[in-house]
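Notes to accompany the following structure.
What follows draws every value from the coordinates through simple rules; no lab data is involved. Here the structure is a predicted model, which means the values were calculated and not measured. Don't worry about glycine lacking a Cβ; one is built from the backbone with ideal geometry, like all the others, and counts go over all protein chains shown.
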Amino acid sequence: MRRLGWLDGWNCLKTATTPQLIGVQYLRAIAALMVAYFHALIQFPQYHPSLSRYLFADAHLANGVDLFFVISGFIMLVSSQRTLPGDFVVRRIIRIVPLYWTLTTVLALILLWHPALFRTTVMGAGYFAKSLLFVPYSNPGQQGQLFPLLAPGWSLNLEMFFYAIFACALFVPLNRRVVLAGVTFTILVGLGYLLRNAALGAEIDFFFNFRLFEFLFGMMIAQFYLARSLRFPAVVSLILILGGFLTLLAGFPMLHLAGGSTLQVLLENELPAAALVLGIVSLEAKRGLPKLPFLAFLGDASYSMYLSHIFSLGAASKIWLMTGLMRPTTSSAVEFVFFALVFVVIGTAFTYRVLEQPMLLRLQRLYALRRTAVPQLERVGITQDVRAIPLRFIALAPENPPVPAVRAPGTASGMNPVG
């Protein structure tokens, strides 16, 4: 009898039918850095004039979230080709919930201890519960915007809604999932348009969000990728990358589009983000991309960066003020931004290594052990529901007689849109 070690469960999860795309990792890093940079630039309003002139403070850096949504749609379709709906839901919960709940709880405790440390966050039991349950609500501390306590988590509310729809799509064959998702998103957005004057409330309108199509664009790119149809000339891929990235940052100011309008979101957010992902994926499929370790690490840790950077920026701002480095000069503004971004990277590495990675590996191990133990226990005559068996007994489950290797559904560890 051989004891099942943690590597058995981990290797089961690492069995993937699709290799990790390093280009997508780079895009995840870039998206997280865009959001972190955006928030670094607005820490001190008095710095804005200098930063606008020298550090692109007026660029549409918050559009990094749109890039995340397209990446998410792409990865979900690619990495879940043989995944059952229940398995998908469990894996997504394991991936998203622990770190988000941990950091939201940390923020809530800080607010109870010293509310002034986060001047735009209002604490309440109801707000805390809704934040943990991914329920959007009008946050009085954020001018009524639909932000949870941990403000970056607003995108997770939409992300989890997408996961629910995608889990339903897993009941149909792979080649029909994009169509089903497209029909579902079209109905939702169409209902939102038809009911726009019905005063349903912002919390309901949130689920009719036009940005749902960003997930669809990502799924469409994935469909072409899986069919090996992305064989563009390298110059076309480079045009898509450069054009998509520049448009994502600058938009089309000459068109004078109304901010937040459907046309503005489509032309300046959704299509550029999709073009960028399409360009990177097609370029890597045709020519491959070099491994850049630092950028790859930030891609792996992008979920940690996305959720933790507000803590890092808050600490950097406090240190900047306490040490008397705050001066009304351009050099001081530039120095602060670089100082803050260094803090963000340090905070990201700490959060990823100390919180996200250990929690993720532990939960994945537990889940994998329970899944792989079922056929082993059945082969030796144990038919009891495995969920009722303590983990220590599952870990000792015998493998004699030999059990055929269990092939896990297609997964791509580290290729998740939010980390």
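Numbers at a glance
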item	result
Exposure proxy ranking, count of Cβ atoms within 10 Å, fewest first, for Phe213, Phe207	Phe207, Phe213
Separation of the Leu195 and Ala349 label points, Cα + 7 Å toward Cβ, nm	4.8
Unit charges on C-beta of K, R, D, E only; dipole of segment 287-373, Debye	420
Sorted by Cβ neighbour density within 10 Å, fewest at the top, the residues Ile110, Ile319	Ile319, Ile110
Segment Val179-Trp113, length gained on full extension (0.36 nm per residue, minus Cα span)	18.8 nm
Estimated distance in nm for a label pair at His48 and Val122, the labels positioned 7 Å out from Cα along Cα-to-Cβ	2.2
Amide H contacts of Leu149 (H built 1.01 Å from N, under 5 Å, at least 5 apart or other chain)	Ser131
Computed over segment 146-222: relative contact order in percent, which uses C-alpha pairs under 8 Å that are six or more apart	34
